[in-house]
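For reference, the structure discussed in these notes is given below.
The values are calculated or read from the model by the stated rules, or taken from the named source; none is laboratory data. For clarity, every value in this text was computed on a predicted model and none was experimentally measured. Virtual Cβ from ideal backbone geometry, glycine too; neighbours counted across all protein chains shown. Note: accessible area is taken over every heavy atom of the protein model, side chains too, but ligands, DNA and RNA are not part of it. Shrake-Rupley method; radii C 1.70, N 1.55, O 1.52, S 1.80 Å.
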Amino acid sequence: MAQAEGARRALLAGVGAYRQTTELPALRAPRHDVEVLARALSDRELCRMEARTLYDPDCKQLQGELEDLFSEAGRDDLVIFYFSGHGKLAAGGGL
């Protein structure tokens, strides 16, 4: 029995500059990481995914895009979220 094929979507976020703080140095790699992965995922021979890219989004924009991505996902969809940027632990141990 053939499986239903759902949508194939990805949200790729690269954050190299943080407007809210000067504590973290700017990064060059996140934009490149996202561009390369977007090309690979969108390739018709490899993955055939719809890849949306974000570069240096603020927190509100990223949160909205994530909510849209996951709330629109159906049972048979393949959904990927990829983040490239700094990771910093808060006092409580969370990111």
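Averaged per residue, what accessible surface does the chain expose to a 1.4 Å probe, in Å²?
73
Out of the total accessible area of the chain (probe 1.4 Å, heavy atoms of protein only), what percent is carbon and sulfur?
51
List the residues, sorted by chain then number, that are 5 or more residues from Ala10 or on another chain and whose placed amide H is less than 5 Å from its amide H.
Under 5 Å from the amide H of Ala10 lie the amide H atoms of Glu50, Ala51, Arg52, Ile80, each far enough along the sequence or on another chain.
Evaluate the distance, in nm, between pseudo-label points positioned 7 Å from the Cα of Phe81 and of Leu66 along their respective Cα→Cβ axes.
According to this spin-label approximation, the distance is 0.4 nm.
Based on the Cβ-Cβ distance of Glu5 and Ala40, what FRET efficiency does E = 1/(1 + (r/R0)^6) give at R0 = 25 Å, to the nearest 0.05?
0.80
State the three equivalent ellipsoid semi-axes of the chain, derived from the C-alpha gyration tensor as the square roots of 5 times its eigenvalues, in descending order and whole Å.
They are 29, 16, 11 Å, listed from largest to smallest.
With Cβ to Cβ distances under 11 Å as the rule, what net charge do the other residues near Val34 carry (K, R +1; D, E -1)?
0
Before rounding to the nearest 500, sum -39500 (n - 2.57) across all DSSP H runs of length at least 4 in the chain and divide by the residue total; then give [θ] at 222 nm in deg cm²/dmol.
Helix contribution divided over all residues of the chain: -9000 deg cm²/dmol.
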